[in-house]
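The structure under discussion appears below in the form of structure tokens.
Bear in mind that the values in this text are calculations on the coordinates, not laboratory data. Because the structure is a prediction, the values reported are computed rather than measured. So basically every Cβ, Gly included, is an ideal-geometry build from the backbone, and we count neighbours across all protein chains shown.
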Amino acid sequence: MRYSKIVGLGHHVPETVITNEYLSSIMDTNNEWIVERTGIQERRYVDPSKDTVANMAAKAARMALQRAKLTEKDIDFIVFATITPDYFFPGSGVLLQRELGLESIGALDIRNACSGFIYALSVADQFIKTGMYKTILVVGAEIQSTAIDMTTRGRNTAVIFADGAGAAILQPSEKPGILSTHLHSDGRFAEELYVRDPGSSRPREERQPEQILDTTHFKVVMNGNQVFKHAVVRFMEVINEALNANQLKKEDINLLVPHQANLRISQYIQEKLALRDDQVYNNIMRYGNTTAASIPIALSEAWAEGKIKENDLLCLAAFGSGFTWASALIRW
Ligand code: COA
């Protein structure tokens, strides 16, 4: 049996720090509310004149390659998870391929929002297991700040979402590696967390830019209560599914790296799994929710801080727009 394993991790976050105080100065919110409900103290926003989803992804990828002692030329496939691509089409995968100076290798885009990185990891894992590719670059990168309604009307999303990029390099391995991935969705809840436009289901006359009178359709819309309620249930289900599939117990987890949706969600899962603080990695306090980028950024930081050791059992879990949810168990 051939497995895949992560041989390098990297991340990049934009320089500009956006504090809760700054948000409180432009909309009706305050530091206490944000910290109490979300755990977020600050987040990063891109400078749109400098940063793109693809160039942040390239910086994260280069860090991952360097740590893996590999070069761009070793990559033979790209899987790119983002819901905020630089263009409506083509996807950001080809832009990253260009940015890295690579010729003609395939690039696949994944649009599964906060679960995107685990979906991407799962796809890469299957390609490695079948022998189709040997070195796959998996990235999650997002620019949410430009799609957020930065007024009081959008405050429930403005305080949460932010920008960043994370990357992982996968290669084949004789021993595991990625033990399993578990992917789910429930499209009945698609409109509970979404951006409506530029939606192709609009009649032609409505797709003319001058006809689009309601620009809120280009902003993130979220029913926070619904998302929260479903998230806590699905996170637990998909983590237990992963443990059961591998005949493992929650006590076997060395490090849980949850999608950084909201600190309260992570704390709820931690309590249900009876994990100590050092068994759960959270960095949402510093970066907010970076959607598909949140897990690879957290993984990259946890690794750099020496929190991931050989033979450790890592559990990744995510929930988000779709709704989609997913988990992965990894023997490091
Ligand atoms: N600052 C101050 N007040 C705010 C606010 C903000 N940023 N956002 C909302 N409020 C207000 C609401 O208007 C409401 O006021 P009202 O009682 O006068 O109507 C009040 O706070 C409570 O709103 P509610 O939406 O019920 O709060 P909540 O406890 O559910 O917290 C979230 C809101 C968004 C923090 C919470 O629902 C949440 O975290 N949901 C999950 C979101 C998530 O994880 N998304 C990412 C998924 S990947």
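By the rule of a C-alpha distance below 20 Å, with chain neighbours fewer than 8 residues away ignored, the aspartates and glutamates paired with Lys50 are Glu15, Asp86, Glu99, Glu142, Asp163. When each of the peptides 2-11, 229-238, 20-29, 161-170 is scored by how many other beta carbons lie within 10 Å of its residues on average, the order from highest to lowest is 161-170, 2-11, 229-238, 20-29. Pairs with C-alpha atoms separated by more than 29 Å, drawn from the list Lys73/Lys250; Lys229/Lys249; Lys59/Lys129; Lys129/Lys272; Lys129/Lys309, are Lys73/Lys250; Lys129/Lys272. Using a simple spin-label model with pseudo-atoms 7 Å out from Cα toward Cβ, Trp33 and Lys134 lie 5.6 nm apart.
Using R0 = 51 Å, the C-beta based FRET efficiency linking Lys309 and Ala147 works out to 0.85.
In units of the rule-of-thumb radius 2.2 N^0.38 Å, the chain shows an alpha carbon radius of gyration of 0.95. Per-residue ellipticity at 222 nm, computed for the chain from helices alone with -39500 (n - 2.57) per DSSP H run of at least four residues, works out to -9500 deg cm²/dmol. Helices that extend 30 Å or more along their long axis by alpha-carbon positions and average at least 0.5 on the Kyte-Doolittle scale are absent among the DSSP H runs of the chain.
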